[in-house]
Amino acid sequence: MKSSDLKDLCKEPVFKGFYDSFLQGAKNFALYKCGDEAQALDLTQEAFIKIWENCSSVDFAKAKTYLFTTINNMFLNTVKHNKVVLNYEKNSNTDDKSFQDPVYILEEKEFKLKLQQAIANLNEGQREVFLMNRIDGKKYREIAELLDISVKAVEKRMSLTLKSLREEIPNI
């Protein structure tokens, strides 16, 4: 095989090697972005498909950057789409919630919005630690290993996160 063939993503063995090398890292990146394992896998697979479809125009040296940028862009597009869906649901009166107390429904919506906004206001490090611990159920030690930081740093981030959430949402 020529040395130029080793960097041609359109060659199946080269692409397979690229895929095997970066699958776990890309999936983890997507997971930290979205917090949902199934969605993270979907984003990762879609990104690899885009690279395969555009293999002739993707420079091998920049393929990793292209992969992670694609995942990030697809995640942001998903967030935009979800906002549209949520706005539609909020503005449509198709839900039959007549069996629930209207005050409870209103308080629930307000709390969800406050919580989503409070989580969105966290810095990326705090949000990662919070979601990995509270949503994924990971221990501080596991989070520290995944983020390549100390357990004390994880504890500090979580402490600041909880303090911030308590300030934004009283009586949480």
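Only Lys, Arg, Asp and Glu carry charge here, each on its Cβ (+1 for the first two, -1 for the last two); on that basis the range 96-172 has a dipole of about 280 debye about its Cα centre.
Summarised in one figure, the compactness ratio Rg/Rh of the chain, Cα atoms and Kirkwood Rh, is 1.09.
Ranked by how many other Cβ atoms sit within 10 Å of their own Cβ, fewest first, the residues 149, 105, 119 fall in the order 105, 149, 119. Counting only Cα atoms, the range 51-147 measures 58, 37, 20 Å along its principal axes, largest extent leading. Say the cut-off is 25 Å between C-alpha atoms; which of 33/83; 90/138; 33/152 go over it? Over 25 Å apart, Cα to Cα: 90/138. With contributions of -39500 (n - 2.57) from each DSSP H run of at least four residues, the per-residue ellipticity at 222 nm computed over the chain stands at -25000 deg cm²/dmol. Put in order of Cβ neighbour count within 10 Å, fewest first, the listed residues 75, 111 become 111, 75. Around the Cα centre of the chain, unit charges on the Cβ atoms of Lys, Arg, Asp and Glu (plus for the first two, minus for the last two) sum to a dipole of about 540 debye.
Compared with the dominant Cα axis of the chain, that is its longest principal axis, helix 63-91 is turned about 30°. Applying 1/(1 + (r/R0)^6) with R0 = 30 Å to the Cβ-Cβ distance of residue 167 and residue 142 gives a FRET efficiency near 0.65.
The ellipsoid equivalent to the alpha-carbon distribution of the range 96-172 has semi-axes of 31, 13, 9 angstrom, derived from the gyration tensor eigenvalues as √(5λ) and listed largest first.
For the chain, the list of Cys residues with no other Cys C-beta under 4.7 Å reads 34. Straight-line reach from residue 114: taking Cα to Cα under 19 Å and skipping same-chain neighbours fewer than 8 places apart, the aspartates and glutamates in range are 89, 124, 128, 167, 168.
Laboratory data are not the source of any read-out in this text; all were calculated from the coordinates shown. Note that the structure is predicted; figures quoted are calculated from it, not measured. All Cβ positions, glycine included, derive from the backbone under ideal geometry; neighbour counts span all protein chains shown.
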